[in-house]
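Report on the following structure.
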Amino acid sequence: MTERYWIETLGCPKNQVDSDKLVGTLVVDGFEAADSPEDADLVVVNTCAFIEAARQESIDTVLELADTRKDGARLVVTGCMAERYGDELAEALPEIDLVAPFGASLLASAPSKPPSGSTPVTLGSKPAPAATIPDFDLLNLPRPHSSAPWSYIKVAEGCDRNCGFCAIPSFRGKQRSRSTESILAEVDQLGGSDGTLAEVVLVAQDLSSFALDRSTGRTEPRIDGPAVGGNRPIVDLVAAVSARVRWTRLLYLYPSTLDDALVEAILATGVPYFDLSLQHVSRPMLKRMRRWGEGERFLERIRSIRAAEPTAAFRSSFIVGYPGETEADHDHLLAWIEEAQLDWVGFFPFSNEAGTYAADLDDQVDSDLVTERIRECTELQDAITARRRDLLIGSTIEVLVDAPGEARSYREAPEIDGIVTVPSHLAVGSFFEVVVTDSDGPDLTAVPVGDGPNDGGALAAAATATGTATATATGTGER
Ligand code: SF4
């Protein structure tokens, strides 16, 4: 009888891409998608280790699935926690049958589940240090056709930066970018070539540095200078992807590499959406974070983009309570948020990650104070987001229908931002002109203009593609 799998995905969109690729390998191995985790012979948890809350969510998920799986089903843990804490996980959770670091088979060496009450065995081996990681890559594995009209495409793994709070380079390794050819082949395979894929969302740890690891000098273009010819492979990639699909969206843009050439390339796609990875606006804080820039330069860039495209949408994320963050730094952040009027913002409490530069810094901020500061930031931003959404009432916008009754315009990234509720008869996978009739916090309600889709329904076929047995939780993932 054919064995069936279930993959539970936690964390960020980059993890979702890895899960899709794991599905590809399982299908090649003869597995079928299960309808639920309780029906699966193989239950996989693709974990997130971004911050403490994400790790706890991963562990809770593993324990819950261990309880609900059917008799004899194997439980495999992979992803960032498996990579970073493999031995500890295996020791602490005897419920796990296999800890599989990046690139390891989910099947090959899975030992049998120990009988109840037996001595827990160490199932994983300590992951190799980052310097020896390069062999890994799920990046170039085959991937099943997307069940949605949009798809994430991961274009690089790892990161060359050294942000004070971040452990990712230590276990994901240095940046290794895919070839443009393999990325475009994946876009085509997912529906770019037959017109059934409506949107590609490009992701990487540091997307705007795509392929700089493959250039000789790893020269970083500067926001305040013209792009030097030939050192912006991300610009060429965006243009090439955009020629294949209707919408191309970019996530995770480090501010120093968002230069004029990249802004122009993004605007040329027709998706004026800018996901700026800012983390703070106070110069002393950013220096302590070992990151580029400061608030006024960020505002200048946002103003210049708005001058070119007044309807551009912006997202960013900030870390609150980084060691040494003073009341003045916090007030600076609040004032900046009010000034910037971004559409979407995520706030994350500083998480002390072992082995990072920030772990040993003085002046750690009291957790109650961090909670209070996040509350202030969130209240302020929620009001800004709601106000900006109210302003759209009465306007006509184009939306892509993701699921029955649920759509998005270019202003909303899938699974991250708000949604546009539309009548449920609108064909999934098609674009429609709609009039916004109401707003509720981050979400909008809209009704169609005219009878048919903008694209004649050509994209609706994507909605009928075979589904994959995966679930995603993005609540505490990296932003
Ligand atoms: S925060 Fe982002 S850019 Fe900085 S080191 Fe981590 S992955 Fe790289």
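Within segment 13-27, identify whether any single residue is crowded, with 16+ Cβ neighbours inside 10 Å, assigned to a strand (DSSP E or B) and within 22 Å of the chain's Cα centre (by Cα), and answer yes or no.
No: segment 13-27 contains no residue that is crowded, with 16+ Cβ neighbours inside 10 Å, assigned to a strand (DSSP E or B) and within 22 Å of the chain's Cα centre (by Cα).
Residues Arg291, Arg315, Arg297: which one is out of contact with any Leu (no Cβ under 8 Å at 6 or more places or on another chain) and within 16 Å of the ligand (Cβ to nearest atom)?
Arg291
Give the residue that is farthest from Cys48 (Cα to Cα), with candidates limited to residues of segment 176-202 that are buried (at least 22 other Cβ atoms within 10 Å of the Cβ) and within 16 Å of the ligand (Cβ to nearest atom).
Out of the qualifying residues, it is Ser177.
Which pairs have Cβ atoms under 7 Å, sit 6 or more apart or on different chains, and link a residue in segment 306-329 that is farther than 23 Å from Phe350 by Cα to one that is in a loop (DSSP other than H, G, I, E, B) and among the hydroxyl-bearing types (Ser, Thr, Tyr)?
So the pair list comes out as Ala313/Tyr410.
Restricting to segment 423-437, what's the tally of residues that are out of contact with any helix residue (DSSP H, G or I) (no Cβ under 9 Å at 6 or more places or on another chain) and part of a loop (DSSP other than H, G, I, E, B)?
Summing the residues that are out of contact with any helix residue (DSSP H, G or I) (no Cβ under 9 Å at 6 or more places or on another chain) and part of a loop (DSSP other than H, G, I, E, B) in segment 423-437 gives 4.
Select from segment 245-299 the residues that are among the polar types (S, T, N, Q) and closer than 20 Å to Gln205 by Cα and write down the one among them that is surrounded by the fewest Cβ atoms within 10 Å (Cβ to Cβ).
Result: Ser256.
Hey, among the residues in segment 146-166 that are among the hydrophobic types (A, V, I, L, M, F, W, C) and assigned to a strand (DSSP E or B), which one's farthest from Gln189 (Cα to Cα)?
Ala156
Restricting to segment 203-244, name every residue that is at pLDDT 90 or above, part of a helix (DSSP H, G or I) and surrounded by fewer than 17 Cβ atoms within 10 Å (Cβ to Cβ).
Result: Asp236, Ala239, Ala240.
For residues that are of a type in the set (A, V, I, L, M) and part of a helix (DSSP H, G or I), scanning just segment 309-358, find the one that is farthest from Glu379 (Cα to Cα).
So the residue we want is Ala358.
Enumerate the pairs (first residue in segment 277-296 and assigned to a helix (DSSP H, G or I); second residue anywhere and within 14 Å of the ligand (Cβ to nearest atom) and aromatic (Phe, Trp, Tyr)) with beta-carbon separation below 8 Å, excluding pairs fewer than 6 apart on the same chain, so at least 6 apart or on different chains.
Short answer, once both residue conditions are applied: Met285/Tyr322; Leu286/Trp292; Arg288/Tyr322.
Can you tell me which residue within segment 163-175, out of those that are within 7 Å of the ligand (Cβ to nearest atom) and farther than 16 Å from Met285 by Cβ, is surrounded by the most Cβ atoms within 10 Å (Cβ to Cβ)?
If we take residues in segment 163-175 being within 7 Å of the ligand (Cβ to nearest atom) and farther than 16 Å from Met285 by Cβ, then Ile168 is surrounded by the most Cβ atoms within 10 Å (Cβ to Cβ).
In segment 146-160, which residues are among the hydrophobic types (A, V, I, L, M, F, W, C), more than 13 Å from the ligand (Cβ to nearest atom) and over 13 Å from Ala403 (Cα atoms)?
Ile153, Val155
The values are calculated or read from the model by the stated rules, or taken from the named source; none is laboratory data. Since this is a predicted model, take the numbers as computed values, not measurements. With ideal geometry, Cβ positions are generated from the backbone for all residues, glycine too; neighbour counts draw on all protein chains shown.
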